[in-house]
Amino acid sequence: MSMLATEEKLSVTGDRSTPETRIEDGGRRLGLMLTLPAQLLVLFIAVFPLLMQLYISLTDWSPLDGIGWWQAYELWNNFANYTDLAADSRFWDALGRTALVMAICVPAEFLLGLGLAILFMDNFVGKRLFYSVMLIPMMVVPAVAGYMFFMLFQSGGPVNDIVSTLIGRPFALAWLSSPGTALIAVMIADIWQWTPLMFLILLAGLVGVPEDQMRAATLLGASWSQRFRTIVMPKMKTIIIIALSIRVIENFKIFDTLYIMTGGGPGVATETISVYIYKVTQQDLIWGYVAAIALVILIALSILVSLAISRMNAAKEA
Amino acid sequence: MTAIHLENLVKRFGAFTALKTMDLEIRDGEFMALLGPSGCGKSTTMNMIAGMEQPSGGRITFDGRDMNGVAMGRRGVGFVFQNYAIFTHMNVYDNLAYGLKVRGTSASETDRRVKAMADFLQLTPMLDKPSAKLSVNILQRLAIGRSAIVEPAIFLLDEPLSNVDAAFRAVMRTELKHLQRQFRQTMVYVTHDQLEAMTMADRIAVMDHGVLQQVGTPLEVYNDPVNLFVADFIGSPGMNLLKGTLADSDRGLVIDLGALGVTAPLDPALSAVARTNGVREVVYGFRPERVVLATAGQGLAMPVTFIERIGARTVVHFGDGEQRVKAVFDNDIAVQTGETVHVAVEPRFARMFDAATGVAIREV
Amino acid sequence: MNRSLTFEIFRYTAILLALAVTLIPTLWMASMAFKPIAEWSAAGADLTWWPKSPTLDNFRFIFGTSTSDLIVALDRTAGKPILASLLSAVFGTLIAMTAGTAGAYGLSRFGSGQNLPLALIQLRLFPPMAVMIPVMIMWAFFGLVDTWWGLALIYGIVTLPFAFWLMKTFFDDMPREIEDAALVEGCSRLRVFMKITLPMMRPALASSALFVFILNWSDYLIALLLTTREWVTIPVYMASLSSSMTGQLYGAKAALGLIAAVPPVIMGIAIQKHLVRGLTFGALKQ
């Protein structure tokens, strides 16, 4: 049985949690006390670091300069980091690559996950076992998954072996060292790992569609595809938005699997935004510049997210 | 408008038989109630008529057309679910229009018929309202309208009033009966509530343990139950049933009820049937409201154990153990707990059942 | 409903295909973990799917007791990285669960901290890469770099949103009558929370903790940035496992990968029914 908590709310506002009952002072004090650790951790990781990030991003500071970060004002550079960023084609390429990976992986994961979820809607022999096995990829440590696919895509590895068997002649593509195929291999790994998540969430949504309403639609003469379009999909709308949002957000961060498989290479062929920032941080060590990149991304994401949330709220009002 | 014919209908779920060879003819335009306690097979029967479940044996015909293998969307059956199964993500208009839209009816035709239906059901003011927050009587009307708009040959209603609170049921019953009169559709109504069946149905099919017990008009079923189950199940309180033995007296055939005494002589016709039948051990049955006070020395002498005053009427409980009797009187009845009174039942209201088989002994 | 045979055939074909795709990568790694060096890397023609002569050498090798026919010995064994992963994930989970449970209860019962839900969602939203510069500076300042406790602290913060949201939905679902009854009996609010609510929530706490543990155990990027040598975790250590003489140490890495992959898979299957709730921040319950 699945219980949908979605039709009426997308709980990001926390408004539902205000208890109706009057809370005496003792309760209020305890409430403050209990929420204090979480508040402090948020402050510790969000507010102060962001100010620091803003400050450093306006300078040329690097940990190799031998001066403390608080003295970074000595290296003030007149917003050069931001103007440089606008002209940094490697950054924009990485951003574009990240968008490309997202544009292919997320819809693929969605469609595969939805297809599988539809197959799991009613009961059949072996359902429970298949369901558990289907979830394994998303629980494998991403770095380990990266290593699995690193092995699979070696030129003498199993993928080429299977392809050879299928086409009936030797096939020895060096997937990870050719710029064209490395990105494909990386995307296959991402789809392998995260289709189960879509499957899991969408299946929970599908079994939550009231059976009576489906039967009512059938009795009114609706075909399977009509029921799917007019009953299932509208009722799944919120769930689909949640599932897609989760994957879009996570996919944007793509790093672990990809970095283990290709290290961003060959060259910059698989360099996504996280890999790019990592390389600048670890290899080039120009942290003032990294701070600027990070801040731009944070601000852009914040704007996107608040737009998305306000649009969703507006849709909920209507 | 369609007659439904169930012939030797059987439904088994694994080793469990939910329905044992049911034969039932539901006439064109009739309001038939399938009545029985839960687990009696009434919902299974209805689900098979709708095509949601396949019979294990026998067949269902609509106007002589065999429905076996006809998909549920193509039977022309309107179904009103227990919880109405309104499409909560659509407004009232879209709910009403659904059946027409999926059949590819033109937009203008759909609009015309939706508006006509809304008008007919007094739903016009709420056409644009989201259906999730409507009150229950509006949901009922909407559910019926949504099914009716595609002009189904028959209507099936699955305990539509069971989620409604008691006070409102009377309103809903009236409305439902009214709608049925207007639609003149064949309706099959499943319920465990005899009041609903008695007040709305043209005929009632009483079921128990997967077996059809009796089919008849509400009055037939009430007055002349064919067996002890129906006698006990129908009526509130149910029929009084006392075990006794047939005995001859100088005034004719009577039933000896042991300690309670002897009944008044049976109706001559009934006596004749009983004599030809040859049964001795019987169950004597009579409705509580047919009990009248008799003068001392006549009728059955019974101690009053409990008096239940329910406003307009007073229910008096007599006796205990196997020989309990309930009687319904006007509220000014002058009896007191503990006293022994004499009660009698007019012979024409007395019923008799074979104690061994539970089957009614009556003129055929 | 009687679905057609064709549909059933299609269903099983599709599911079996999906199962094969799901399992092959994992099985390949598992098989590799038990292969002797001779079977590690082979040309496409004589690729071995199952170890012909299965061996535990790879496991012995990473724990330093065998060289697995390699000329090299490891300069450090897998023992410490496994310990680092365990300590940081366990204590990170502890931090997240403590702050998350307390905060969730405070919000769910007393309406305190109305800003937390959204703040925590945002925290989860941003790529860790985009906030790591200040974190690295701060951790260096406090001497937390390359320590398991420094890692545990950042894990605790990063997974706090999950702990908080999961526990919030569990508290929201919990009937309050029992707590109210205890309050009427004269227990203090804090005592009710400690003695009644928490024991009642034990299954929920366990599932949430396992979920958070899986997330912490799965980290690679943060450990890559915040550890250098002493306390590197399994994934970081694994990536460093290659030698100039032998190239990729396939079998050794696979053995380590298997060790890293098994616990979260088992835990994940154990908490299956709460996975949806955890992954969707409680927006969807199953």
Problem set entry | Residue satisfying all of: in the range A:56-80; at pLDDT 85 or above and assigned to a helix (DSSP H, G or I); farthest from A:T270 (Cα to Cα) among these | A:I56
Seminar exercise, completed: Of (1) in contact with a Leu (Cβ under 8 Å, 6 or more places away or on another chain); (2) at pLDDT below 85, C:L226 fails just (2)
Problem set entry | Hits in the range B:104-117 (condition: at pLDDT 90 or above, under 35 Å from the mean Cα position of the chain (by Cα) and aliphatic (A, V, I, L, M)) | B:V114
Exercise. Among the residues of the range A:90-105, is there at least one that is surrounded by fewer than 19 Cβ atoms within 10 Å (Cβ to Cβ), part of a loop (DSSP other than H, G, I, E, B) and free of Cβ contacts under 8 Å to residues at least 40 places away in the same chain?
Worked result: no
Problem set entry | Hits in the range A:269-292 - residues which are part of a helix (DSSP H, G or I), within 19 Å of A:D65 (Cβ to Cβ) and of a type outside the set (D, E, K, R) | A:V280, A:T281, A:Q282, A:Q283, A:W287, A:G288, A:Y289, A:V290, A:A291, A:A292
Seminar exercise, completed: Per the filter on the range B:169-210, residues among the β-branched types (V, I, T) and either modelled with pLDDT of 90 or more or more than 15 Å from the chain's Cα centre (by Cα) (or both) are B:V171, B:T174, B:T186, B:V188, B:V190, B:T191, B:I204, B:V206
Problem set entry | the range C:247-286 - residue that is modelled with pLDDT under 80 and among the polar types (S, T, N, Q) and, of those, nearest to C:L118 (Cα to Cα) | C:T280
Problem set entry | Qualifying positions in the range B:157-168 - at pLDDT 80 or above and in a helix (DSSP H, G or I) | none
Exercise. Does the range C:161-199 hold any residues that are modelled with pLDDT of 90 or more, within 11 Å of chain A (Cβ to nearest Cβ) and more than 20 Å from A:L30 (Cα to Cα), and which are they?
Worked result: C:P161
For this session: Please determine, by comparing only the residues of the range B:330-364 that are assigned to a loop (DSSP other than H, G, I, E, B), of a type in the set (D, E, K, R) and farther than 15 Å from B:V254 by Cβ, which one is modelled with the lowest pLDDT.
Result: B:E363
For this session: Considering (1) at negative phi; (2) loosely packed, with under 15 Cβ neighbours inside 10 Å, say which one B:G252 fails and leave the rest.
Result: (1)
Exercise. Of the residues that make up the range C:239-246, is at least one more than 18 Å from C:T93 (Cα to Cα) and within 9 Å of chain A (Cβ to nearest Cβ)?
Worked result: yes
Exercise. So, of the residues in the range B:79-101 that are within 12 Å of another protein chain (Cβ to nearest Cβ) and of a type in the set (V, I, T), which turns out to be farthest from B:A153 (Cα to Cα)?
Worked result: B:T88
Problem set entry | Identity of the residue in the range B:33-56, touching a Leu at 6+ places or on another chain (Cβ under 7 Å) and of a type outside the set (A, V, I, L, M, F, W, C), that ends up nearest to B:D23 (Cα to Cα) | B:T45
Exercise. Is it the case that B:D224 is surrounded by fewer than 17 Cβ atoms within 10 Å (Cβ to Cβ) and either more than 22 Å from B:M200 (Cβ to Cβ) or not assigned by TED's automatic domain parsing to the domain that holds B:P37 (or both)?
Worked result: no
Exercise. With (1) surrounded by fewer than 19 Cβ atoms within 10 Å (Cβ to Cβ); (2) farther than 21 Å from B:F168 by Cβ; (3) in contact (Cβ under 8 Å) with a residue 40 or more places away in the chain as the list, and B:K115 as the residue in question, which single condition is left unmet?
Worked result: (3)
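A quick yes/no check of all residues on (1) assigned by TED's automatic domain parsing to the domain that holds B:G51; (2) touching a His at 6+ places or on another chain (Cβ under 7 Å); (3) under 23 Å from A:I231 (Cβ atoms); (4) not in a loop (DSSP other than H, G, I, E, B):
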| site | (1), (2), (3), (4) |
| --- | --- |
| B:T88 | yes, no, yes, no |
| B:L96 | yes, no, yes, yes |
| B:S108 | yes, no, no, yes |
| B:A116 | yes, no, no, yes |
| B:I144 | yes, no, yes, yes |
| B:E175 | yes, no, no, yes |
| B:M187 | yes, no, no, yes |
| B:M198 | yes, no, no, yes |
Exercise. Condition test on A:F110, is it modelled with pLDDT of 90 or more and at the interface with chain C (Cβ under 10 Å from one of its Cβ atoms)?
Worked result: no
Exercise. Regarding C:M129, is this residue farther than 15 Å from C:F213 by Cα, surrounded by 24 or more Cβ atoms within 10 Å (Cβ to Cβ) and either among the hydrophobic types (A, V, I, L, M, F, W, C) or more than 8 Å from chain A (Cβ to nearest Cβ) (or both)?
Worked result: yes
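Do we have C:L87 as under 18 Å from the mean Cα position of the chain (by Cα) and in contact (Cβ under 8 Å) with a residue 40 or more places away in the chain here?
Against the criterion (under 18 Å from the mean Cα position of the chain (by Cα) and in contact (Cβ under 8 Å) with a residue 40 or more places away in the chain), C:L87 qualifies.
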Exercise. Can you tell which of A:I277, A:I241 is at the interface with chain C (Cβ under 10 Å from one of its Cβ atoms), closer than 27 Å to A:L111 by Cβ and either free of Cβ contacts under 8 Å to residues at least 60 places away in the same chain or surrounded by fewer than 22 Cβ atoms within 10 Å (Cβ to Cβ) (or both)?
Worked result: A:I241
Problem set entry | Residue selected from the range B:15-56 under the condition among the polar types (S, T, N, Q) and under 15 Å from the mean Cα position of the chain (by Cα), by the criterion surrounded by the fewest Cβ atoms within 10 Å (Cβ to Cβ) | B:S38
Exercise. Here are A:I254, A:I246: which of them is within 22 Å of A:A143 (Cβ to Cβ), at the interface with chain C (Cβ under 8 Å from one of its Cβ atoms) and of a type outside the set (K, R)?
Worked result: A:I246
For this session: Please go through the range A:132-179 and pick out each residue that is in contact (Cβ under 8 Å) with a residue 60 or more places away in the chain and among the hydroxyl-bearing types (S, T, Y).
Result: A:Y147, A:S177, A:S178
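So which of C:G79, C:G150, C:G92 is surrounded by fewer than 17 Cβ atoms within 10 Å (Cβ to Cβ) and more than 9 Å from every other protein chain (Cβ to nearest Cβ)?
Working: C:G150 fails: surrounded by fewer than 17 Cβ atoms within 10 Å (Cβ to Cβ); C:G92 fails: surrounded by fewer than 17 Cβ atoms within 10 Å (Cβ to Cβ).
Matching residue, one of C:G79, C:G150, C:G92: C:G79.
Residue-wise test of (1) in contact (Cβ under 8 Å) with a residue 24 or more places away in the chain; (2) facing chain A (nearest Cβ under 7 Å); (3) buried (at least 23 other Cβ atoms within 10 Å of the Cβ).
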{"position": "C:A96", "(1), (2), (3)": "yes, no, yes"}
{"position": "C:Y105", "(1), (2), (3)": "yes, yes, yes"}
{"position": "C:S108", "(1), (2), (3)": "yes, yes, yes"}
{"position": "C:G113", "(1), (2), (3)": "no, yes, yes"}
{"position": "C:L118", "(1), (2), (3)": "no, yes, no"}
{"position": "C:R124", "(1), (2), (3)": "yes, no, no"}
{"position": "C:L144", "(1), (2), (3)": "yes, no, no"}
{"position": "C:I154", "(1), (2), (3)": "yes, no, yes"}
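The values are calculated or read from the model by the stated rules, or taken from the named source; none is laboratory data. Being a predicted model, the structure only gives us computed values, none of them experimental. Positions of Cβ are backbone-derived with ideal geometry, glycine not excepted, and every protein chain shown enters the neighbour counts.
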